[in-house]
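Undergrad: Here it is: the structure, laid out below.
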Amino acid sequence: MENYFVLPFTVGTVILFSILLVKYALWISKLSKIDKLRIVQSIFSRRTLSAIKECFMECLIHRRIFKRNILLGYMHMSLAFGWFLLIVVGHIEWVVYSGTFVTYPWNSIFFQYFVHESFPGEKIMANIMDFLLLFVLSGVLLAYFKRINSRMYGIKKTTKLKPRDRMTMCALWLIFPLRLLAEGATASFYHNGGFLTNSVGRFFEWIQISHTTEEILWWSYSISLGVFFVGLPWSRYMHIFTEVLLIGIRSTGVKLKKEFNSYSRIQVYSCSRCGICIDVCQMHISNISNNQSVYILKNIRDQNLTDRKLFNCLLCGRCEQACPVNINLNDLRISQRIRATKEYNSDYAFLKTLPVEQPVEDKTPEVIYFAGCMTHMTPGIKKSVLKVLEKANVNYQFMDKDKGACCGRPLMLAGQYEAAKKLIAHNREKILESGASTLLVSCPICYKVFKDDYELGQISIKHHSEYFLELVEQGKITLKKSDKSIVYHDPCELGRGCGVYEPPRNLLKMTGNLQSIQQEKVNSLCCSGSLGDLCLSMSDRNTIKAETLKVLLNQNPDMLATACPLCKKTFVKGVDIQVKDIAEIVAESMEN
Amino acid sequence: MRNFGFATTKSRTVDYSKIDTRLIGYILENEPTFNACLSCGSCTAICSAGNLTNFNIRKLSLLIRLGELEKIHTEIDKCMLCGKCLLECPRGINTRNVIMLIKKGLTIFDIKDQE
Ligand code: SF4
Ligand code: SF4
Ligand code: SF4
Ligand code: SF4
């Protein structure tokens, strides 16, 4: 039989789908019972429809990558969407030709090899197919160029490859040029095919290629497909199918857990190594280029993640915000830290022996104020918060006035989850005991852990910017506007971490002229002081800080405002102008 | 003995050839900035855990340097990793990393507290 050349393709396809089936079944079976129930319950709901739409927009069109950079988006789209259409339209071509719907896949994939006679609609179909092939080829060409010059694609650095990845990538790069040549070779004998393959065919006719060459080309095409399919599950291209799985599971409401589980694994395998996260990471400023999220995900897959890489990250969330696959990069990294430090969590036995403080007055406070370690480091902020509370006549209790335990977020960031739970339980009890209806915090680091992990029920948790804005709106304090120009720095934990962008800005608009800057809100830069990083040296921190300050102070404002004691403390040591927390600004602008 | 209202510490000697350097070696290898510690005690003065207990991070780092590891475990477990010491340290030492390394080192070398 002369059709043996379809074997590499067929074997590759069978192997690929068997592996995918086994892997995915295993991953899904390892999800928690509740998560599995979620999936079963929402299979026939409207969520599935929106998931299908998302798959179309992200896995085929790559809308989010387009938003970042048009060229990069086009490259991803032409490869994914183009190939997808080649398969679909190729099948339609077979249906038009044979009148039957079901066939062996190789009949439509290698259509031009098998079908030489003409049939109604042949020319149109062939031309559409050629157009699609051209579309995909343009993407392949862009991919070649990206390896040579990634800057064109808005990406300064591109990922480093392993031999395994390189082999699969070469197979992918060869598939479509070989398809063009093979189809061209057949066209040189039978004059089938559209504008593109036919032109190649005419050239082949002119140089008079033999049937053996034609066979060799079809064999090569089939082999490149087979190699790509077999290599796919072990290479970065695993993301092609896994992203579909991820979108499906995510749409059912499954969330990442603290500890690394099989849903985390699905996220890890969904990374396309597009490299977008490498570029947004500020660590480059200090020439650190081995710890970015894409490398961490790769190390998790290859099981060779080192502590140094794992703990050298600000957890600023910039990469997570930019990731087109929406992988929860911060929590994923934290889950690895939890795994790495699991053996030595403290139990804070001393908390039980602390003397219980009796409240001075026995009336129930309306607000319980938790300053946190960082606010205690910046007495100016603490005093200002208290001043505002007094002025507005708020009935409050100062929870950690003299002796307070840490909120637990720094432990969380370091992966000390079990230890953090002990502090959380201790503080939670105090908060609930107070009877207050509002928990006021003046540090975004505390705010984040209170919001995410404390489960305080009815108690509303407020960052001081949110709370002070309410006080203004209720007329309990009034603010004086000055003509100072102010630039606001979004703290990572408050902005990207908790989505609070507007309240501080609204307050600043009431007290001065708020200038907007280039990189703000979701795109804001990290001050470099983050507790998320355990091993970044002070000099590296300072280098990163200097760059952030350049962006912030670009328009020479009179004052730099922030809403985090740690950001303030970090910036103060680097500038000549005033750096103030929103609490200090509000306290100073209050009318008597 | 008569009670003078104060006590003197027992005289002691340190034999440098017999110091247990496993832990300090491990820390310095992974966080070389710890070399620059001048035992100023700023970290201890500001410490959140020190505010709640008798935890003394400066003393602990001295004991570790001397290889006296009998009581490190219980003590280091009091640190809440809050990071105040990091902001206060005049030498820019990554104190939080030092603390994590102490914890990890104790686990690696299986060093337990002695009564
Ligand atoms: S983590 Fe996200 S942004 Fe980074 S390479 Fe992977 S897919 Fe791209
Ligand atoms: S969280 Fe920030 S510092 Fe860490 S890898 Fe992402 S961008 Fe870089
Ligand atoms: S503040 Fe720094 S230099 Fe001073 S004792 Fe602590 S770690 Fe050492
Ligand atoms: S991190 Fe530990 S040693 Fe440092 S101030 Fe906080 S509790 Fe004290």
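Bear in mind that the values in this text are calculations on the coordinates, not laboratory data. Bear in mind the structure is a predicted one, so any value in this text is a computation, not a measurement. Positions of Cβ are generated from backbone atoms using ideal geometry, with glycine treated the same way; all protein chains shown enter the neighbour counts.
Undergrad: 5 Å is the cut-off here: which amide hydrogens, built 1.01 Å from N in the peptide plane, fall below it relative to A:ALA371, excluding neighbours closer than 5 in sequence?
TA: Hits under the 5 Å cutoff: A:MET399, A:ASP400.
Undergrad: Can you compute 3J(HN,Hα) from phi for each residue in the range A:72-83, using the Karplus curve 6.51 cos²θ - 1.76 cosθ + 1.60 with θ = phi - 60°, rounded to whole Hz and x for Gly and Pro?
TA: Running phi through 6.51 cos²θ - 1.76 cosθ + 1.60 with θ = phi - 60° gives 5, x, 4, 4, 5, 5, 4, 5, 6, 5, x, 5 Hz.
Undergrad: Which whole-Hz ³J(HN,Hα) couplings does the range A:111-118 yield from phi under the Karplus relation 6.51 cos²θ - 1.76 cosθ + 1.60, θ = phi - 60°, glycine and proline marked x?
TA: After applying 6.51 cos²θ - 1.76 cosθ + 1.60, I find 3, 5, 6, 8, 10, 10, 6, 8 Hz.
Undergrad: Shielding by partners for B:46-56, please: the mean number of other protein chain Cβ atoms within 10 Å of each residue's Cβ.
TA: Numbers: counts 3, 1, 10, 5, 0, 7, 10, 5, 1, 1, 0.
The per-residue average across the peptide is 4.
Undergrad: Where the eigenvalues come from the Cα gyration tensor of the range A:82-189, what are the semi-axes √(5λ) of the equivalent ellipsoid, largest first, in whole Å?
TA: Numbers: eigenvalues 212, 39, 33 Å².
Semi-axes (√(5λ), whole Å): 33, 14, 13.
Undergrad: Could I ask something else about it? Counting DSSP beta bridges with both partners in chain A, what percentage is antiparallel, nearest 5? Please list the in-between numbers first.
TA: Working: 1 of 23 bridges.
For chain A, the DSSP antiparallel bridge percentage is about 5.
Undergrad: Now, a different point. Quick one: net charge of A:THR186's neighbours, Cβ under 12 Å, K/R +1, D/E -1? If you can, show how the numbers build up before the last one.
TA: Details: positive: A:ARG179; negative: A:GLU183, A:GLU205, A:GLU214, A:GLU215.
That works out to -3.
Undergrad: Over the Cα atoms, compute the radius of gyration (one decimal) and Dmax (the largest Cα-Cα distance, rounded to a whole number) for chain A, in Å.
TA: 29.8, 101
Undergrad: In addition: Given H placed 1.01 Å from N in the peptide plane, which residues other than close sequence neighbours of A:LEU514 have an amide H under 5 Å from its amide H?
TA: Residues meeting the amide H criterion: A:ILE486.
Undergrad: Which whole number gives the average, over all residues in A:420-427, of C-beta atoms from other chains lying within 10 Å of the residue C-beta? Walk me through the numbers on the way to the answer.
TA: On the way: counts 2, 0, 1, 3, 0, 0, 0, 0.
That average works out to 1.
Undergrad: A further question follows. Convex hull volume of the Cα atoms in the range A:36-79, per residue, in Å³? Let's see the in-between values first.
TA: Details: hull volume 3.4 nm³, N = 44.
About 78 Å³ per residue, rounded to a whole number.
Undergrad: Ok, one more. Work out from phi, with θ = phi - 60° and the Karplus expression 6.51 cos²θ - 1.76 cosθ + 1.60, the ³J(HN,Hα) of each residue of the range B:83-99, listed in order in whole Hz, and give x for Gly and Pro.
TA: x, 5, 4, 4, 6, 8, 4, x, 9, x, 7, 6, 4, 5, 5, 4, 5
Undergrad: Using the basic label-point model (7 angstrom from Cα toward the beta carbon), what is the A:TYR144 to A:GLU259 distance in nanometres?
TA: Taking the simple label geometry, A:TYR144 and A:GLU259 are separated by 5.1 nm.
Undergrad: Then there is this: Given R₀ = 30 Å, what would the calculated FRET efficiency be for A:ILE34 paired with A:ARG63, taking r from the Cβ atoms and rounding to 0.05?
TA: Numbers: r = 31 Å, r/R0 = 1.04.
Efficiency, rounded to the nearest 0.05: 0.45.
Undergrad: A:GLN474 to A:VAL572: FRET efficiency via 1/(1 + (r/R0)^6), r the Cβ-Cβ distance, R0 25 Å, to the nearest 0.05? Show your work: numbers first, answer last.
TA: Numbers: r = 32 Å, r/R0 = 1.29.
It comes out at approximately 0.20.
Undergrad: Mind giving me the nanometre distance, one decimal, between the label points for A:THR543 and A:ARG46, set 7 Å out from Cα along Cα→Cβ?
TA: Calculated label separation equals 5.2 nm.
Undergrad: Can you give the three extents of the C-alpha atoms in the range B:35-108 along their principal axes, from longest to shortest, in whole Å?
TA: 28, 28, 17
Undergrad: A further question on this structure: Residues with beta-carbon under 14 Å from that of A:ARG541, excluding A:ARG541: net charge, scoring Lys, Arg +1 and Asp, Glu -1?
TA: Around A:ARG541, the surrounding residues sum to +2.
Undergrad: Based on the Cβ-Cβ distance of A:ILE124 and A:ARG301, what FRET efficiency does E = 1/(1 + (r/R0)^6) give at R0 = 60 Å, to the nearest 0.05?
TA: My answer for the efficiency is 0.85.
Undergrad: If each DSSP helix of 4+ residues adds -39,500 (n - 2.57) and the sum is divided by the residues in the protein assembly as shown, what number results at 222 nm, nearest 500 deg cm²/dmol?
TA: Numbers: 35 runs with 389 residues, N = 707.
One gets -16500 deg cm²/dmol as the mean residue ellipticity at 222 nm.
Undergrad: A further question on this structure: Separation of the range A:376-411 and the range A:487-512 by C-alpha centroid, Å?
TA: A separation of 19 Å, based on Cα centres.
Undergrad: Also, quick follow-up: Calculate, in nm to one decimal, what A:ASN287 and A:ASN393 gain on full extension: separation in residues at 0.36 nm each, minus their alpha carbon distance. Can you show the working numbers first?
TA: On the way: separation 106, 0.36 × 106 = 38.16 nm, distance 5.09 nm.
Full extension of this stretch gives 33.1 nm more.
Undergrad: A further question on this structure: Under 17 Å from a label point 7 Å along Cα→Cβ of A:GLN555: give me every residue in the range A:463-497 with its amide N that close.
TA: A:482-490
Undergrad: Now for a different question. Let me understand the range A:349-471 better: what is its radius of gyration from the alpha carbons, and its Dmax, in angstrom?
TA: 13.9, 40
Undergrad: Arranged from highest to lowest average of other beta-carbon atoms within 10 Å per residue, in what order do the peptides A:84-93, A:244-253, A:49-58 appear?
TA: A:244-253, A:84-93, A:49-58
Undergrad: In addition: Peptide A:340-346: average number of partner chain Cβ atoms within 10 Å per residue?
TA: Details: counts 2, 4, 1, 5, 11, 2, 10.
The per-residue average across the peptide is 5.
Undergrad: What is the Å³ per residue value for the convex hull set by the Cα atoms of the range A:2-241?
TA: Values: hull volume 39.0 nm³, N = 240.
Per-residue hull volume (Cα only) is 162 Å³.
Undergrad: Now for a different question. For the range B:70-107, state which GluC sites (Glu not before Pro) are in a DSSP loop and have at most 15 other beta carbons lying within 10 Å of their beta carbon. The partial results should precede the final answer.
TA: Values: sites: B:GLU70, B:GLU75, B:GLU88; in loops: B:GLU70.
For GluC sites (Glu not before Pro) across the range B:70-107 that sit outside H, G, I, E and B with at most 15 neighbouring Cβ atoms in 10 Å, the list reads B:GLU70.
Undergrad: Per residue, what volume in Å³ does the Cα convex hull of the range A:479-589 take up? Kindly include the intermediate steps, with their values, before the conclusion.
TA: Values: hull volume 10.0 nm³, N = 111.
That works out to 90 Å³ per residue.
Undergrad: Non-local amide H neighbours of A:ILE461 (under 5 Å, H modeled in plane, Pro and chain starts lacking H): which ones?
TA: Hits under the 5 Å cutoff: A:LEU439.
Undergrad: Evaluate the distance, in nm, between pseudo-label points positioned 7 Å from the Cα of A:ALA349 and of A:PHE114 along their respective Cα→Cβ axes.
TA: About 7.5 nm separates the two model spin labels.
Undergrad: If you take every residue apart from A:SER199 with its C-beta less than 13 Å away from the C-beta of A:SER199, what net charge results, scoring Lys and Arg +1 and Asp and Glu -1? Could you put the intermediate results ahead of the total?
TA: Values: positive: A:ARG202; negative: A:ASP130, A:GLU183, A:GLU205.
Combined, the nearby Lys, Arg, Asp and Glu give -2.
Undergrad: Here is a further query. What residues from the range A:252-275 fall in the zone where the backbone N is under 17 Å from a label point 7 Å along the Cα-to-C-beta line of A:ARG339?
TA: The answer is A:256-271, whose backbone nitrogens lie closer than 17 Å to the label point.
Undergrad: Quick one: length gained pulling A:ASP452 to A:CYS170 fully straight, 0.36 nm per residue minus the C-alpha distance?
TA: Details: separation 282, 0.36 × 282 = 101.52 nm, distance 4.46 nm.
Fully extending the segment from A:ASP452 to A:CYS170 adds 97.1 nm.
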